[in-house]
Amino acid sequence: MITLLILLPLWGFIGLCYLNSLPPHRRQNPCHLPRSTPWQRSCYIAGPFIALALSYRLAGLDGLFLWGFSAPLMGVFLGIALPYLPQKLMRK
Amino acid sequence: MSPRLRTILRVIHRWVGFPFGVFLFILCFTGSLACFGPEVQNWMQPEAALRPSSPPMSQTGLIEASHQLKAQLDKGLFAFLKLPSQRDPVFRLWHYDGHIFRGPTLAADTGLPLLTSDVVGGSFFTTLHSSLYLPTPWGQCLTALAGLTLMIALISGLWLQLRRFLPDLLLFRPHAARHRQWLDLHLLGGTLSIPILFIVGGSGLVLQSQKLLHFINPPSHAARPANRHQAHSQTSPPISDALITKLAQNAQQQWGDEGDGFFMLAGKELALYAPDTLHFCLYRQAITASRPRLPPHNLCPTLHSVFLGVHNLRWAGFVTRCLYGLTGLLGCLIIGSGMRLFLQSEQNHLCHHHAITYSQHIQQRLYRAVSMATIFGLPLATLALFWSTRLPAPLPPILWEEGLFFTLWGVSLLYALISRHAARHLLMMLMLLGLGTSGLDLATRPFHTGRPALFLSIDALAACLGGACLLALLYHPHYAKKRAILRSKR
């Protein structure tokens with residue numbers, strides 16, 4: 001449970017960093033948050049690997065599967081929830 | 001990608017995805033429920049979940065339960081005794097009836113039969129998942145074929161979306177046109193869960209193919225003990241209290257907790273099999289009076305056991321299993337949205353024709369009815385099955401429950417064929433059954449139970465389904481139109 005509680009916000013953070021890194025011509029997506037920085041970019045590239053190592057360290061084999069299952073579920077949740085956020089929270 | 005290749009891939013994705021999507025939806029839905037087989041069994045038999053999970057069993061209970069096992073074996077019934085565990089805290093004296101496991105439930109502390117009615121239980125969904133309740137090998141053939149088409153649909157879908165895979169990974173536009181919304185939802189779920197679908201679908205395909213290969217070319221086990229069908233014809237072996245106690249003690253020493261293991265005949269003697277939850281790789285290992293210690297072997301002795309471990313996930317913890325179940329439901333969402341897109345595009349295609357022929361009209365209605373019966377009919381039949389286990393049965397319970405499930409499912413298909421408002425009516429029934437499950441549960445079981453979380457979570461799931469149907473009804477074009485008329489009148 002603790003592993004999942006760590007993994008879910010981590011996947012959420014990785015998802016947000018990924019969305020920010022999209023180039024301007026791809027910004028049809030209503031889910032955009034403030035502009036990306038190089039630090040954010042390295043976070044979303046390294047994030048999944050850190051999450052994988054962390055989940056294996058915390059829960060062993062169970063953790064690997066938790067890592068695998070939590071990613072799409074968090075991604076779908078993020079994809080569906082973000083467009084419903086109030087517009088003032090999104091910068092164009 | 002050339003336009004020609006794109007067209008070919010689209011045709012493959014659509015025409016492989018839709019017909020087999022029906023089976024894949026069933027597999028995903030029943031697979032999700034099969035993850036929680038013991039919990040479903042306990043919900044259907046609330047008398048078995050009146051006491052908390054621990055302590056799992058007593059020595060007296062074990063001895064008494066073994067006497068019951070001996071009585072069953074003496075009758076010539078090939079029964080086995082499943083030991084209590086955290087997930088299912090009672091003895092199960094089960095036998096396989098060709099489709100499901102059934103038999104008396106015994107109390108963990110006394111070993112005496114509990115006053116439970118016979119129900120289809122969690123193994124119903126496992127059987128539906130593995131063979132679609134069809135006779136061998138047809139069910140396995142169909143499931144394997146569905147697994148193969150899943151791979152084809154995944155590869156063609158991935159190829160089609162390859163260029164926009166990363167840029168549109170989290171893209172969902174809820175304010176766009178309805179067709180676009182469904183496409184975004186299909187792509188959002190599909191692209192994010194593609195690795196999981198490959199692993200789970202691929203392992204399922206391999207397991208079913210192996211079953212089929214074994215059916216075509218049965219393996220020879222000259223060195224192994226006689227199988228259960230041979231044992232069935234023999235007289236039952238002596239089962240003494242001392243033997244049972246010794247086997248249980250040996251099991252405790254070797255694999256820590258004997259819970260979830262089971263006593264079953266292995267050739268001429270009684271064996272205590274290790275629980276499936278013991279290792280990642282599912283491999284049957286047992287101790288007997290003549291072989292009190294497990295032979296040393298690799299953690300994953302065969303490739304088959306690895307695939308079983310990956311696909312069944314019996315070793316996994318509760319949270320992982322919950323996420324596995326949710327991933328199965330996500331699979332249902334992907335397939336359901338795909339079916340919706342297929343119907344919409346077929347309808348759009350017909351709109352370009354000046355005159356629609358009768359056969360085209362029938363074809364369109366058939367596609368629609370099959371989709372309705374799959375997406376709404378299957379959950380409806382499942383909820384009805386849950387209800388039927390708690391309400392008085394006019395026929396022998398299992399016959400009644402199975403009959404009700406398949407009849408309701410069939411009726412939903414027929415109704416969708418003849419009625420234009422089938423979707424709305426099926427949604428309404430789903431909503432009523434889903435939202436009413438909590439009330440039924442509270443009315444048909446003792447209020448105080450040892451496992452309130454179990455009942456609460458299943459009731460909550462049914463209520464969520466009912467709530468989702470209510471929302472879908474509120475946004476249904478029929479009611480939206482009525483609301484608009486009312487608003488304009490005001």
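Within a 10 angstrom radius of each residue's Cβ in A:70-78, how many Cβ atoms of other chains show up on average? Whole number is fine.
Details: counts 5, 4, 15, 9, 1, 7, 11, 0, 4.
Per-residue shielding by partner chains comes out at 6.
Could you work out the mean count of beta carbons from other protein chains within 10 Å of each residue's beta carbon in B:319-330? Let's see the in-between values first.
Working: counts 11, 12, 3, 2, 9, 4, 1, 5, 5, 0, 1, 4.
Across B:319-330, the average partner-chain Cβ count within 10 Å equals 5.
What is the Cα convex hull volume of chain B when expressed per residue in Å³?
On the way: hull volume 91.9 nm³, N = 490.
Cα-based convex hull of chain B, divided per residue, equals 188 Å³.
Treat every Asp and Glu Cβ in chain B as -1 and every Lys and Arg Cβ as +1, leave all other atoms uncharged, and give the resulting dipole magnitude about the Cα centre to the nearest 20 debye. Please report the intermediate quantities before stating the final value.
Numbers: 40 positive and 21 negative charges, 443 e Å.
The calculated dipole for chain B is roughly 2120 debye.
Report the charge-dipole magnitude of segment B:238-308 in Debye, nearest 20, computed about the Cα centre from +1 at each Lys and Arg Cβ and -1 at each Asp and Glu Cβ.
Working: 5 positive and 6 negative charges, 60 e Å.
The calculated dipole for segment B:238-308 is roughly 280 debye.
Quick one: putting +1 on the C-beta of Lys and Arg, -1 on the C-beta of Asp and Glu, what dipole do you get for segment B:254-413 around its Cα centre, in Debye to the nearest 20? Mind showing how you got there, number by number?
Details: 10 positive and 8 negative charges, 39 e Å.
The calculated dipole for segment B:254-413 is roughly 180 debye.
What is the sum of charges, Lys and Arg at +1 and Asp and Glu at -1, for the other residues whose Cβ falls under 12 Å from the Cβ of B:Ile418?
Values: positive: B:Arg365, B:Arg368, B:Arg420; negative: none.
Residues close to B:Ile418 contribute a combined charge of +3.
Rank by packing, highest mean first: peptides B:278-289, B:167-178, B:102-113, with packing defined as the count of other Cβ atoms within 10 Å averaged across residues. Intermediate results must be reported in sequence, preceding the final value.
Working: B:278-289: 18.6, B:167-178: 15.9, B:102-113: 20.3.
In decreasing order of mean packing, B:278-289, B:167-178, B:102-113 become B:102-113, B:278-289, B:167-178.
At 7 Å along the Cα-to-beta-carbon direction for both B:Arg291 and B:Leu115, put a label point, then send me their distance in nm to one decimal.
4.4
So for the pair B:His179, B:Asp74, with labels modelled 7 Å out along Cα→Cβ, what separation do we get in nm?
7.2
What is the interface area between chains A and B, defined as buried accessible area summed over both chains with a 1.4 Å probe, reported in Å² to the nearest 100? Write down the numbers at each step before the final one.
Details: alone 6440 and 25350 Å², together 29330 Å².
Protein heavy atoms only, the A-B interface buries about 2500 Å².
Which of the peptides B:148-160, B:344-356, B:370-382 is most tightly packed, and how do the rest follow, going by the mean number of other Cβ atoms within 10 Å of each residue?
Working: B:148-160: 18.9, B:344-356: 10.5, B:370-382: 22.9.
My ranking of the peptides, most packed first, is B:370-382, B:148-160, B:344-356.
Modelled label-to-label distance, A:Arg41 and B:Leu162, 7 Å Cα→beta-carbon offset: nm?
2.5
Let me know the mean shielding of B:244-255 by other chains, meaning the per-residue number of their Cβ atoms within 10 Å of its Cβ.
Working: counts 0, 0, 0, 0, 0, 0, 0, 0, 0, 0, 0, 0.
Counting Cβ atoms of other protein chains within 10 Å of each residue's Cβ and averaging gives 0.
Mean residue ellipticity at 222 nm from the helices of chain B, using -39,500 (n - 2.57) per DSSP H segment of n ≥ 4 over the full residue count, to the nearest 500 deg cm²/dmol? Spell out each step's value before the answer.
On the way: 17 runs with 300 residues, N = 490.
The helix-only estimate for chain B comes to -20500 deg cm²/dmol at 222 nm.
Work from the charge dipole of chain B (Cβ charges, +1 for Lys and Arg, -1 for Asp and Glu, about the Cα centre) and give the residue of B:Leu456, B:Ala468, B:Ile398 farthest towards its positive end.
B:Ala468
Which one of B:Thr149, B:Trp43, A:Leu58 is farthest out on the positive end of the charge dipole of the protein assembly as shown, using unit charges on Cβ (Lys, Arg +1; Asp, Glu -1) and the Cα centre as origin?
So the residue furthest toward the plus end is B:Thr149.
Once both axes come from the Cα atoms, what is the angle between helix B:397-418 and the longest principal axis of chain B, in degrees from 0 to 90, rounded to 10?
Rounded to the nearest ten degrees, it is 10.
Express the relative contact order of chain B as a whole percentage, based on alpha carbon pairs under 8 Å and six or more residues apart in sequence. Kindly include the intermediate steps, with their values, before the conclusion.
Details: 688 pairs, mean separation 85.5, N = 490.
That works out to 17 percent.
The values are calculated or read from the model by the stated rules, or taken from the named source; none is laboratory data. Keep in mind it's a predicted model, so treat the numbers as computed, not measured. Because the Cβ atoms are built from the backbone with ideal geometry, glycine has one as well, and the counts that use them run over all protein chains shown. Just so you know, the surface numbers come from the protein's heavy atoms only, side chains and all, with ligands and any DNA or RNA stripped out. Shrake-Rupley method; radii C 1.70, N 1.55, O 1.52, S 1.80 Å.
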